[in-house]
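Trainee: One structure, as structure tokens, below. Some questions next.
The values are calculated or read from the model by the stated rules, or taken from the named source; none is laboratory data. Since the model is a prediction, treat every value here as computed from it, not as a measurement. Cβ atoms come from the backbone with ideal geometry, glycine included; neighbour counts cover every protein chain shown. In case anyone asks, the SASA skips ligands and DNA or RNA and just uses the protein heavy atoms, side chains included. Shrake-Rupley method; radii C 1.70, N 1.55, O 1.52, S 1.80 Å.
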Amino acid sequence: MKVGYDLVKEQLFFRQELKERVFWFIHLRWIGAGTAIAITWAAYLGGQSLPILPLNIALVFILFYNTIFLYIGKRLEAFRPREVRPFTVFAHTQISLDLLCLYTLIYFTGGVYSPLLIFVIFHIILAGILLPPLSCYLYGALVIAALGGLVVLQDTGILPLKPVLFQIHLLHYRYGSSGISIPYLTFAAAILISAFLITSVKVSLRTKARSLLDVSHELDLINTKLTALYEMVKEMGSHSDLKGLMDSATRYATRIMGVKGCSIKLLNEDKRTLRFASVYGLSRDYTSKESIDIEKSPINLRIIQGSPYSISHIDEKDYFQYPEDILKEGIASMLCFPLRAEEDSTGILCVYSDKTYRFDEEDTKFFSLMTDLTAMAIENLQSSLARSWFTKKAVHQIRSPLNAIRSMLKTVIGGYVGGLNEKQKELLIRTDRRAELLGNLISDILRFDHDIKAIKRIKFLGLNPSMILKQVVQLYQSEAIEKGIEFKTEIEEIGNTMIGNQELLDEIFSNLVSNAVKYTPRDGLVRINLSMKGENHILFEISDTGIGISQEDIPRLFTEFFRADNAKAIEENGTGLGLIIVKEVVDRLGGSIDVESKIGEGTRFTCILPLSPPLRLYPKG
Amino acid sequence: MSTGRDILIIEDDRDVVNSLRIILESKDFTVRYAYNGKEGYAKIKEKTPDLIILDVMMSTDTEGFDLAYKLRDDPQYRNIPIILETGFTQKMAEDGPERFQHILGESWPVSYFMEKPVDPEKLLSTVQSIIKGVDTPC
């Protein structure tokens, strides 16, 4: 059964065909009439006797109205392209006028014996292609009747007889005898057979075109669904909290399946009750139940045990723990699949419809795929959250004893448990500093983990990079003054034009500025430049007169945990993670960073960042 | 020779408690201690201390905060000064500030913070300035 959209689409398809054909015939007419004029003149000039004047008048008339047709056709296409009726009328006009001219030519070239009679068949074929079968037969009847009329008119002497083309000496006309009926009936039979053949072929072609359209429509639907499913998976992957992920899943599932609502129920720790973890499109009343006891809900039990369930009609009340609620909610059918993580079910994904018998086999298959993808996304996030939790826990566990060690060391160093000699004190102070370094390292590892995760789910806003850089510079100004380091800044006013994230940009600027200050000796110089590079990039340069980096160390600079020997000599408490984070952030923003350096002379970092990050980085919504 | 000033340390790490105790006792404070929030609350009820040094993360991530809020909401105890011992700035850097947003938005239950590991001199000067403030009638 076709409704609305499908029907319109089919009509559009055939209308397009009609339009194309109409223009095609206009082209054919130029060729046909043009060639005919050329032939008549060639024959005439070659000494053949033929009615050159009436033939040419008719042919020129064809060219004339063809010009008008071309104009009308273009106007119709421009102003009323969506209406089918004008094009039908247009097709009728063309065929009628063509036939009229053809009959004029036939009359002047011998009437029923004219060799041009055969051309009538072409027009029947054309009518068959362009118009409905009935019109084709009507044209057939019309041309047969017209030829009959011509014979009668000539027979009765109303129209004078014309000689047959190129057979000027023979007058074949003997009306009233059976002689005339042979060519006439042959002609009539040829016309009717043509009409029959062309309309039959066309009907079968149309049927095929229709089924082709159906297939393409189905493919469209599947394509739309798959695209939506892809969007759903992408959206689910962008969440860092379980609730957000599941809310996306239910919202998308409702939309993609085109249903009333969707829910995710998760199995509680007791493995005996289910709770609504996320719901879309259902009332609060329906989902406010504290938990569903699966022992009392045979359907939920079966689903959790691994078998999907489709309920086409909610009348088997015994299946549910709260059947009256389902009816009250207006749910008429539902489709539920277990969310499987490896062997076990962790919950149930359900879609609900207010129509009975809503879900067919295709829906079931598709929903099964959707459920598996959702289960995978949930599982994925859960394990990543567990990993983060573990890292945090582990870091706390490492830091606690470290803090205790340092508390005790400080107590000893402070002389609260008795005096120390200088040597002892110095060693203990060094011990404390090494312990502090260990603490920093732990912090950096955790920060690194956090930053990498943060980059993935960061929100992008309009930023003013000049302002952010100025703030960073200000932050390090006092440290620089203390060390007698001069800052020379040239910061171009770029305005609020960058799409990015303040934290990330800050991370780049802070790390590089702080490094420059840290590794530049007293009375040094740090130059900081920010400018536009072309229309779409900003260029950030920072150079110092610091200790520099040796050539062999440069390639290792952006790899994890590397610290150059000369850097260690200056600053003991570095962890070597700063530049890795810078590199990671620059990469994520779609930019590039380069470093030039000479030992003992200084270092220059050149960083180019796009004003808008690559599209793949934009978070959804 | 006690100053008569009673300081309660609530902290789950015995070695840290011990260090703090040694430092504070060197300046003649009376030091009591508890290894968790519950025990600490009992000690407060037993005798109201002049100052509490409180660890944030004990058996749960926010045990110290929970106790601080509980005390703030109790008129009897709301005026006891509390030094919150924390790796807070470190934690901010690690977790990102959003984790603490819900706390930052509200009014703080405590007014003094001390970075872990505690620096003895800083601890003493903070404690002394707070105790002095308590001394001053207001």
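Trainee: Is it true that some residue in the range A:298-311 is modelled with pLDDT of 85 or more, in a strand (DSSP E or B) and under 15 Å from A:VAL259 (Cα atoms)?
Mentor: no
Trainee: Looking only at the range A:593-608, which residues are of a type in the set (A, V, I, L, M) and open to solvent by less than 60 Å² (accessible area, probe 1.4 Å)? First the steps, then the outcome.
Mentor: Initially, the range A:593-608 is screened for residues of a type in the set (A, V, I, L, M), giving A:593, A:595, A:599, A:608.
Hits for the range A:593-608 are A:ILE593, A:VAL595, A:ILE608.
Trainee: Which numbered condition in (1) modelled with pLDDT of 90 or more; (2) assigned to a helix (DSSP H, G or I); (3) open to solvent by 30 Å² or more (accessible area, probe 1.4 Å); (4) within 14 Å of chain A (Cβ to nearest Cβ) is the only one that B:SER19 fails?
Mentor: (3)
Trainee: Hey, another quick one. Within the group A:LEU142, A:LEU97, A:LEU117, A:LEU134, which residue is assigned by TED's automatic domain parsing to the domain that holds A:LEU205, closer than 23 Å to A:LEU185 by Cβ and surrounded by fewer than 21 Cβ atoms within 10 Å (Cβ to Cβ)? Walk me through how you get there before you give the answer.
Mentor: Details: A:LEU97 fails: closer than 23 Å to A:LEU185 by Cβ; A:LEU117 fails: surrounded by fewer than 21 Cβ atoms within 10 Å (Cβ to Cβ); A:LEU134 fails: closer than 23 Å to A:LEU185 by Cβ.
When all the criteria are applied, what remains is A:LEU142.
Trainee: Still on this model: For B:ASP12, work out the one condition from (1) within 9 Å of chain A (Cβ to nearest Cβ); (2) in a strand (DSSP E or B) it doesn't fulfil.
Mentor: All conditions pass for B:ASP12, except number (2).
Trainee: Being open to solvent by 40 Å² or more (accessible area, probe 1.4 Å), at positive phi, touching a Cys at 6+ places or on another chain (Cβ under 7 Å) and in the same structural domain as A:MET370 (by TED's automatic domain parsing) is true for just one of A:GLY281, A:GLY258. Which residue is that?
Mentor: Details: A:GLY258 fails: touching a Cys at 6+ places or on another chain (Cβ under 7 Å).
Just a single option satisfies the conditions, and that option is A:GLY281.
Trainee: On the given criteria, is A:LYS392 within 14 Å of another protein chain (Cβ to nearest Cβ) and crowded, with 20+ Cβ neighbours inside 10 Å? Step through it out loud before you land on a result.
Mentor: On the way: within 14 Å of another protein chain (Cβ to nearest Cβ): yes; crowded, with 20+ Cβ neighbours inside 10 Å: no.
Taking the combined requirement at face value, the residue does not satisfy it.
Trainee: Check A:LYS425 against each of (1) out of contact with any helix residue (DSSP H, G or I) (no Cβ under 9 Å at 6 or more places or on another chain); (2) open to solvent by 50 Å² or more (accessible area, probe 1.4 Å); (3) modelled with pLDDT of 80 or more and name the one condition it does not meet.
Mentor: Checking A:LYS425 against (1) out of contact with any helix residue (DSSP H, G or I) (no Cβ under 9 Å at 6 or more places or on another chain); (2) open to solvent by 50 Å² or more (accessible area, probe 1.4 Å); (3) modelled with pLDDT of 80 or more, the one that fails is (1).
Trainee: Right, next: Run A:GLU379 past the list (1) touching a strand residue (DSSP E or B) at 6+ places or on another chain (Cβ under 8 Å); (2) in the same structural domain as A:PHE276 (by TED's automatic domain parsing) and report the number of the one that doesn't hold.
Mentor: (2)
Trainee: Identify all residues within the range A:154-165 that are open to solvent by 30 Å² or more (accessible area, probe 1.4 Å), under 19 Å from A:PRO183 (Cα atoms) and in contact with a Gly (Cβ under 9 Å, 6 or more places away or on another chain); write none if there are none.
Mentor: A:ASP155, A:LEU161, A:LYS162, A:PRO163
Trainee: Residue check: is A:GLY110 of a type outside the set (D, E, K, R), over 14 Å from A:ALA189 (Cα atoms) and assigned by TED's automatic domain parsing to the domain that holds A:LEU59? Steps first, answer last, please.
Mentor: Details: of a type outside the set (D, E, K, R): yes; over 14 Å from A:ALA189 (Cα atoms): yes; assigned by TED's automatic domain parsing to the domain that holds A:LEU59: yes.
When the stated conditions are applied, A:GLY110 passes them.
Trainee: Here's a check for you: in the range B:3-16, which residue that is closer than 18 Å to A:PRO401 by Cα and among the acidic types (Asp, Glu) is surrounded by the most Cβ atoms within 10 Å (Cβ to Cβ)?
Mentor: Here the answer is B:GLU11.
Trainee: Would you point out which residue out of A:GLY500, A:GLY548, A:GLY462 is out of contact with any strand residue (DSSP E or B) (no Cβ under 6 Å at 6 or more places or on another chain) and touching a residue at least 24 places away in the same chain (Cβ under 8 Å)? Lay out the reasoning, then the answer.
Mentor: Numbers: A:GLY500 fails: out of contact with any strand residue (DSSP E or B) (no Cβ under 6 Å at 6 or more places or on another chain); A:GLY548 fails: out of contact with any strand residue (DSSP E or B) (no Cβ under 6 Å at 6 or more places or on another chain).
It is A:GLY462.
Trainee: I want to confirm something. Restricting to the range B:22-40 and keeping residues that are within 14 Å of chain A (Cβ to nearest Cβ), charged (D, E, K, R) and not in a helix (DSSP H, G or I), which single residue is least open to solvent (accessible area, probe 1.4 Å)?
Mentor: B:ASP28
Trainee: Go through the range A:385-429 and report how many residues are within 53 Å of the chain's Cα centre (by Cα) and without any contact (Cβ under 8 Å) to a residue 24 or more places away in the chain. Break it down stepwise before answering.
Mentor: Let us first name the residues in the range A:385-429 that are within 53 Å of the chain's Cα centre (by Cα), namely A:385-400, A:402.
Next, only the ones that are without any contact (Cβ under 8 Å) to a residue 24 or more places away in the chain stay: A:386-387, A:389-390, A:393-394, A:396-397, A:400.
So the answer is 9.
Trainee: In this structure, is A:THR250 within 17 Å of A:THR346 (Cα to Cα), among the β-branched types (Val, Ile, Thr) and either open to solvent by less than 20 Å² (accessible area, probe 1.4 Å) or part of a helix (DSSP H, G or I) (or both)? Even if it seems obvious, please write down each step before you answer.
Mentor: Details: within 17 Å of A:THR346 (Cα to Cα): yes; among the β-branched types (Val, Ile, Thr): yes; either open to solvent by less than 20 Å² (accessible area, probe 1.4 Å) or part of a helix (DSSP H, G or I) (or both): yes.
It is true that A:THR250 is within 17 Å of A:THR346 (Cα to Cα), among the β-branched types (Val, Ile, Thr) and either open to solvent by less than 20 Å² (accessible area, probe 1.4 Å) or part of a helix (DSSP H, G or I) (or both).
Trainee: Right, next: In the set A:ILE570, A:ILE481, which member is open to solvent by 40 Å² or more (accessible area, probe 1.4 Å), modelled with pLDDT under 85 and either of a type in the set (A, V, I, L, M) or in contact with a Phe, Trp or Tyr (Cβ under 6 Å, 6 or more places away or on another chain) (or both)? Please lay out each step first, then the result.
Mentor: Details: A:ILE481 fails: modelled with pLDDT under 85.
Result: A:ILE570 is the single residue among A:ILE570, A:ILE481 that is open to solvent by 40 Å² or more (accessible area, probe 1.4 Å), modelled with pLDDT under 85 and either of a type in the set (A, V, I, L, M) or in contact with a Phe, Trp or Tyr (Cβ under 6 Å, 6 or more places away or on another chain) (or both).
Trainee: Note down all Cβ pairs under 8 Å where the first residue falls in the range A:214-237 and is at pLDDT 85 or above, the second is exposed (fewer than 13 other Cβ atoms within 10 Å of the Cβ), and they're at least six residues apart or on different chains.
Mentor: Cβ pairs passing all conditions: A:GLU231/A:LYS620; A:LYS234/A:LYS620; A:GLU235/A:LYS620.
Listed here are the residues, each with its yes/no results for (1) open to solvent by 20 Å² or more (accessible area, probe 1.4 Å); (2) farther than 18 Å from A:GLU479 by Cβ; (3) among the small types (Gly, Ala, Ser).
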{"position": "A:GLY500", "(1), (2), (3)": "no, yes, yes"}
{"position": "A:THR520", "(1), (2), (3)": "no, no, no"}
{"position": "A:ASP523", "(1), (2), (3)": "yes, no, no"}
{"position": "A:SER531", "(1), (2), (3)": "yes, yes, yes"}
{"position": "A:ILE542", "(1), (2), (3)": "no, no, no"}
{"position": "A:ASP553", "(1), (2), (3)": "yes, yes, no"}
{"position": "A:ARG556", "(1), (2), (3)": "yes, yes, no"}
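Trainee: Please find, among B:THR3, B:THR62, B:THR48, B:THR86, the residue that is under 15 Å from B:VAL127 (Cα atoms) and either more than 14 Å from chain A (Cβ to nearest Cβ) or at pLDDT below 80 (or both).
Mentor: Details: B:THR62 fails: under 15 Å from B:VAL127 (Cα atoms); B:THR48 fails: under 15 Å from B:VAL127 (Cα atoms); B:THR86 fails: under 15 Å from B:VAL127 (Cα atoms).
Sole residue among the options that is under 15 Å from B:VAL127 (Cα atoms) and either more than 14 Å from chain A (Cβ to nearest Cβ) or at pLDDT below 80 (or both): B:THR3.
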